[in-house]
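Asker: Here's a structure for you.
The values are calculated or read from the model by the stated rules, or taken from the named source; none is laboratory data. Remember, predicted model here, so these are calculated numbers, not experimental data. Positions of Cβ are generated from backbone atoms using ideal geometry, with glycine treated the same way; all protein chains shown enter the neighbour counts.
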Amino acid sequence: MQVSEPALKKQNSSGMDAIMSEEYASQSKLLEDFTCVPSIESAWVFKTSNGDRSTAMFSISQADLLANNTRKHILYSHITRHGTDPLECQWSPFPIEMTGVSIVVPSPSGSKLLVVRNGEKGSCTKLQIVDQSHVDKEIHVDQSTHGPLFTDEWFQGISWNQEETFIAYIAEESPRPTPAFDDAGYRKEGSSGKDCNSWRGLGEWEENWGETYSKKGRPSLFVLDISSGEVRTVRGIAKSLSIGQVVWAPPSSTGHQKHFVFVGWLEHNGFQKTARKLGIKYCSNRPCSLYAIRCPFEESNADNASLSGGKSDSASVVTNLTPSISSAFFPRFSKDGKLLVFLSAKCAVDSGAHNATDSLHKINWPSDWKTDEHLDMIDVVPPVMCPDDGCFPGLYCSSMLSDPWLSNHCTIILTSAWRSIQVILLVDVLSGKVTRISPELSDYSWSALAVNGNDVLSVSSSPIDPPQISYGREASKEDHQTHRWIWEEVTSPLMAGSNKVKALLSHHKFSILKIPVTNPCDELSDGGHLPFEAIFVSCEDSSQKPTVLILHGGPHSTSVSSYSRSSAFLASLGFNLLVVNYRGTLGFGEEALQSLPGKVGSQDVQDCLMALDYVIKEGLINAYKVAVVGISHGGFLSTHLIGQAPDRFAVAAARNPVCNLSLMVGTTDIPDWCYAVACGTEAKHLASESPSLDHLRLFYQKSPIAHISEVKAPLLMLLGGADLRVPVSNGLQYARALRERGGDVKIMMFPEDIHEINIPRSDFESFLNIGIWFKKYLK
């Protein structure tokens, strides 16, 4: 179709010409196809009276652009397996939409379901106990008791006890009363007066845990007695402790003592041990310990025992279970109650890196444990410093299943990064042996959803293949020669939503490239010399097509070979994708990770250029048609690259990028991060809320803004107006300075969004504009 010259010049009400308007219409329709694909958030499996049959419950989410929120659904499936016969699955005909539901948590037996409906500020929280056929009980918890429950992956802790009579959970502590005023001035508490003639002042500002937690109250521990509907606060926990990840301890041998174990983060973790809550989102380097305390409903029993002459421990005694280690989280008791396992981010806490290699530990739990009894901690899986090629690189776990145990009570299932792949691991807690059970010859990424006896329900995907449910079992002796575990694909209704996406990506391929380190720095450890990797997604005739270099944030994060809606959308536009896991990425051993701090803006930049040189030398891409995009530290690298290698990139986009460390250090919720990436091993001793002139100069020199005069590439800047991690001033200063120098800059602001820019409409418009921006300059 030909467009006339007048039509080209004519603009619509949004300022677009006809061609641009058509591009927006075409790409937005394409992006909607990707947005419609649902995501599997979590799953549970329950045994039925038929020994060969189980029921699986899936929590599904899907973006709702019109409502600008995320729909949540529950989908059920009956799974039947007779020995080694093929798996049979019967799905419910339609998903059940969970309108207004914050989270659901099944009871241990699967016979009951807790449904949480968090109220908005000023309204009550509703806790529903659902039986198999009806709502058995609904408890309304007033704001005077506590605020909304925490449902994120870090502070969240919702735990049924074994008898299914109590539920422990983490919720926002009710705010402290603030001063009251009326037309006569300050009004004393208890004095009479009508509300319409008075108002509440703000009171003293309290520190918070930064990004995503700035509007939340202090995380505190509560217990619900299901029978009576009574909710009690757990007393005796110091106010200097923020609480999360609670689990019930196994009942004592007498059957009377009820305890639970939780994670506690000290709030005095600022510089020089000041009262500062440094940002905790994506930061596992915040010191934390496991603590144990008695259930508050046990206090009355203890008091009665004392009155009758019996001995009793004092109520609400808090015991630190892990005083010898700087980090302990994700506590999990074995099904027989004899073992307590947990992860530790000791490497991150001790080094200052915001993420690092995890370790796994255990405690042998006595059947009659007393709160004053010391328990020894035993190392199970230590950090791996420098892995051999192809061997286990260490643990990198962003979460843990609520019930990760196989039926032998001594083996757990973990999902972890393994270089550029996410894998499922089996860990023998007694011997410390780690076995990769997801397919070793596949470059797909796998994640465990639930454990069913000795079987594992999982999901797998690749950059060009949407998530696929699989069911795994240990191979029989006959099959063991070729596979240790057998994985069967589970046909599900979810696949129907992804068929269109699979068709769009059917002509694409992907591979994982090993990039050798050229001219490594002599001072690096052995792990710092090891090759890093890049995930390459190629179109047909890739050497003639434009390429997008995609860079993850962190820097101590990772891009694994799993499906990403945004990346798949860019690939469908006809772009090759080069996703670089530069040195410092999780999944490659601790020495490789620790090679980056102090060398940002140089080593990571050179790694990206080495990866680009590699695919050019191999004849895989067109060297003159390259774009770059990244978020956070990925945006830091994107803006560094267009300044340090201005002739290598035709166009760029940056989402909430770090552009000026000297500006960020005084405005971010994680000022220690600025010191860690710029100063390396000395950062913990140098960090201060009042940086010296020398440090400010160092921060500036290591920042993209130091190279801004060399930039040639057009830049799209996407900013979250409510970002506390990399405040909006960082990106705006860089964009304005670039425009001042005659640069081609487009700024998009999402006022309500935080660092991730993940509100559905914002996420949609963000990547729609990236696609259009790249198409415009990569002809």
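Asker: When you scan the stretch 674-682, do you find a residue that is within 27 Å of the chain's Cα centre (by Cα) and among the polar types (S, T, N, Q), even just one? Spell out the reasoning first.
Answerer: Quick first cut of the stretch 674-682, residues within 27 Å of the chain's Cα centre (by Cα) only: 674-681.
Among the residues that remain, those that are also among the polar types (S, T, N, Q) are: 681.
Yes, because at least one residue in the stretch 674-682 is within 27 Å of the chain's Cα centre (by Cα) and among the polar types (S, T, N, Q).
Asker: Just wondering, is there one or more residues in the stretch 622-629 that are among the charged types (D, E, K, R) and more than 29 Å from residue 501 (Cα to Cα)?
Answerer: The answer is no; no qualifying residue exists.
Asker: Hey, another quick one. Which of the residues belonging to the stretch 605-620 are surrounded by fewer than 24 Cβ atoms within 10 Å (Cβ to Cβ), in contact with a Leu (Cβ under 8 Å, 6 or more places away or on another chain) and either free of Cβ contacts under 8 Å to residues at least 60 places away in the same chain or more than 24 Å from residue 564 (Cβ to Cβ) (or both)?
Answerer: Correct list: 605, 609.
Asker: How many residues does the stretch 480-514 contain that are in contact (Cβ under 8 Å) with a residue 40 or more places away in the chain, touching a Pro at 6+ places or on another chain (Cβ under 6 Å) and either assigned by TED's automatic domain parsing to the domain that holds residue 580 or within 30 Å of residue 602 (Cα to Cα) (or both)?
Answerer: Looking only at that region, the number is 1.
Per-residue answers, yes or no, for (1) under 25 Å from residue 678 (Cβ atoms); (2) in the same structural domain as residue 674 (by TED's automatic domain parsing); (3) in contact with an Asp or Glu (Cβ under 9 Å, 6 or more places away or on another chain):
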{"residue": "702", "(1), (2), (3)": "yes, yes, no"}
{"residue": "710", "(1), (2), (3)": "yes, yes, no"}
{"residue": "717", "(1), (2), (3)": "yes, yes, no"}
{"residue": "734", "(1), (2), (3)": "yes, yes, no"}
{"residue": "739", "(1), (2), (3)": "no, yes, no"}
{"residue": "748", "(1), (2), (3)": "no, yes, yes"}
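Asker: Working only within the stretch 251-269, note down all residues that are in a strand (DSSP E or B) and under 22 Å from the mean Cα position of the chain (by Cα).
Answerer: Correct list: 262, 263, 264, 265, 266.
Asker: Could you check the stretch 37-90 and list, in sequence order, the residues that are among the polar types (S, T, N, Q) and assigned to a loop (DSSP other than H, G, I, E, B)?
Answerer: Residues satisfying the conditions are 48, 49, 50, 68, 84.
Asker: Also, I was wondering about something else. Out of the stretch 394-440, which residues are within 13 Å of residue 588 (Cα to Cα) and assigned to a strand (DSSP E or B)?
Answerer: 395, 416, 417, 418, 421, 422
Asker: Give, as residue ranges, the strands (runs of 3 or more DSSP E) completely inside the stretch 313-393 that count at least 1 residues that are at pLDDT 95 or above and surrounded by fewer than 18 Cβ atoms within 10 Å (Cβ to Cβ).
Answerer: In the stretch 313-393, 359-364, 377-381 are the strands (runs of 3 or more DSSP E) which contain 1 or more residues that are at pLDDT 95 or above and surrounded by fewer than 18 Cβ atoms within 10 Å (Cβ to Cβ).
Asker: Right, something else. Please determine whether any residue of the stretch 755-777 is charged (D, E, K, R), more than 22 Å from residue 570 (Cβ to Cβ) and not in a strand (DSSP E or B). First the steps, then the outcome.
Answerer: Going through the stretch 755-777, the residues charged (D, E, K, R) turn out to be 756, 761, 763, 765, 775-776.
If we keep only those that are more than 22 Å from residue 570 (Cβ to Cβ) too, we end up with none.
Checked against the condition, which is being charged (D, E, K, R), more than 22 Å from residue 570 (Cβ to Cβ) and not in a strand (DSSP E or B), the stretch 755-777 yields no hits at all.
Asker: From 88, 41, which residue is under 26 Å from residue 406 (Cβ atoms), surrounded by fewer than 16 Cβ atoms within 10 Å (Cβ to Cβ) and under 22 Å from the mean Cα position of the chain (by Cα)?
Answerer: Of 88, 41, the one residue that is under 26 Å from residue 406 (Cβ atoms), surrounded by fewer than 16 Cβ atoms within 10 Å (Cβ to Cβ) and under 22 Å from the mean Cα position of the chain (by Cα) is 41.
Asker: Now, a different point. Scan the stretch 525-547 residue by residue and report those that are over 24 Å from residue 625 (Cα atoms) and either of a type in the set (D, E, K, R) or touching a helix residue (DSSP H, G or I) at 6+ places or on another chain (Cβ under 8 Å) (or both).
Answerer: 525, 526, 527, 528, 530
Asker: Filter the stretch 411-437 down to the residues that are closer than 17 Å to residue 342 by Cα, buried (at least 19 other Cβ atoms within 10 Å of the Cβ) and either touching a helix residue (DSSP H, G or I) at 6+ places or on another chain (Cβ under 7 Å) or of a type outside the set (Val, Ile, Thr) (or both) and list them by number.
Answerer: 414, 416, 425, 426
Asker: Only one of 766, 703 is of a type in the set (Ser, Thr, Tyr), touching a helix residue (DSSP H, G or I) at 6+ places or on another chain (Cβ under 7 Å) and closer than 24 Å to residue 282 by Cβ; which?
Answerer: Result of the check over 766, 703: 703.
Asker: Out of the residues in the stretch 521-576 that are without any contact (Cβ under 8 Å) to a residue 60 or more places away in the chain and charged (D, E, K, R), which is surrounded by the fewest Cβ atoms within 10 Å (Cβ to Cβ)?
Answerer: The qualifying residue surrounded by the fewest Cβ atoms within 10 Å (Cβ to Cβ) is 522.
Asker: Related question: Could you grab me the full set of residues in the stretch 119-136 that are under 16 Å from residue 101 (Cβ atoms) and charged (D, E, K, R)?
Answerer: Selection gives 120, 126.
Asker: Among the residues of the stretch 374-388, is there at least one that is within 27 Å of residue 294 (Cα to Cα) and out of contact with any strand residue (DSSP E or B) (no Cβ under 8 Å at 6 or more places or on another chain)?
Answerer: yes
Asker: Counting just the residues of the stretch 220-261 that are out of contact with any helix residue (DSSP H, G or I) (no Cβ under 7 Å at 6 or more places or on another chain) and charged (D, E, K, R), which one comes out surrounded by the most Cβ atoms within 10 Å (Cβ to Cβ)?
Answerer: Here the residue is 230.
Asker: Can residue 123 be described as among the polar types (S, T, N, Q) and either surrounded by fewer than 17 Cβ atoms within 10 Å (Cβ to Cβ) or modelled with pLDDT of 95 or more (or both)?
Answerer: Here the answer is yes, as residue 123 does meet what is asked.
Asker: Touching a Lys or Arg at 6+ places or on another chain (Cβ under 6 Å) and not hydroxyl-bearing (Ser, Thr, Tyr): which single residue out of 713, 706, 678, 687 fits that description?
Answerer: 678
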